[in-house]
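First comes the structure, then the notes that go with it.
Just so it is clear, none of the values below were taken in a lab; they were calculated from the coordinates. Keep in mind it's a predicted model, so treat the numbers as computed, not measured. All Cβ positions, even for glycine, are placed from backbone atoms using ideal geometry, and neighbour counts span all protein chains on display.
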Amino acid sequence: MKNITHVSSFLFLLMIILLGGGCATEPDLTDLHKQVQTLTLQQEAAQQQEQQARDRLSAIESQLDEHDFLVGELIKTEEEANLDTRHLLEKLERTSSMLREQIEQTRSSTRRRDKDLSIRVKAMEERIDNIVHRPRSGASQIQTPSPSTPSPNHQKTRPTSSSKTQSTQNDSGVENEASAFRSAYKVYLKGNYDRASFEFQRFVKHYPSTTLTPQAFFYLGQSLYAQQHYNPAQQALQHIVSSYPNNKYRSQALYKLGHIMLETDQRSNAQKLWNQVIQDYPGSPEANNASEQLKKAGLS
């Protein structure tokens, strides 16, 4: 553009010089005028080309700006997508962990209910067996004639009314015992451990030497442990260990005592109790649980 302007200025000055000098002829002026017109046209064409170039440059710059904007938006979208993906993965991990915990709790609850149901069935079987095989009081009152002094009519003495009353009282006592235990156990299953501990304490007080007494002491200890009353819970469970060495609840009592020791910062005693369970009851569920607890507590 600047070169064209300089050329036009030069031609214009040349015309002035020629005209001023009086040496230019008419043909020369005509030719010069044509050259000026040609240069003017070329100048206009050059200006148009320059404008087109500017327009193209502006369009390219606009496209570049749009491209940069799109690239920025793409990067932003990708970052947001990555962030959303991370949040989604974290949420999925938390949900998965929660579900695993719920599944484990459900399994533990199911095992506990199955175990409690088995205990109830066994307790009922024991009560039924005791009722069926208990000797009736009246049988001891039946008298047979002595060989040396036979009875004149060879008649057997019938049971007295007092023996019948005693038999009825015994049957009633068994029924009351079963009813009392059943009532306390129902409260325990509902999770009302405060009430359950009261019911089982009353049971062992009223029935200190029955087939259900060791079981009542065990659930008494369980109820107290659930309330974090560790000292009375330890006493109830220790009573099973010391007073009922051959009872099936002894292994469970030893295992639970290990938990009490661990809860009261007596790790060495917990280790001894769990090792005792493993040694005295190899292959039992309590022994397997004791091994797991030793590993979990870092005592193995």
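Within segment 218-228, which residues are out of contact with any Phe, Trp or Tyr (no Cβ under 7 Å at 6 or more places or on another chain) and not in a helix (DSSP H, G or I)? Answer for segment 218-228, where residues must be out of contact with any Phe, Trp or Tyr (no Cβ under 7 Å at 6 or more places or on another chain) and not in a helix (DSSP H, G or I): just 228. Restricting attention to segment 181-201, does a residue exist that is surrounded by fewer than 21 Cβ atoms within 10 Å (Cβ to Cβ) and more than 34 Å from the chain's Cα centre (by Cα)? The answer is yes, given that some residue of segment 181-201 is surrounded by fewer than 21 Cβ atoms within 10 Å (Cβ to Cβ) and more than 34 Å from the chain's Cα centre (by Cα). Annotation note: of 231, 247, 269, the sole residue that is free of Cβ contacts under 8 Å to residues at least 60 places away in the same chain, at negative phi and not in a helix (DSSP H, G or I) is 247.
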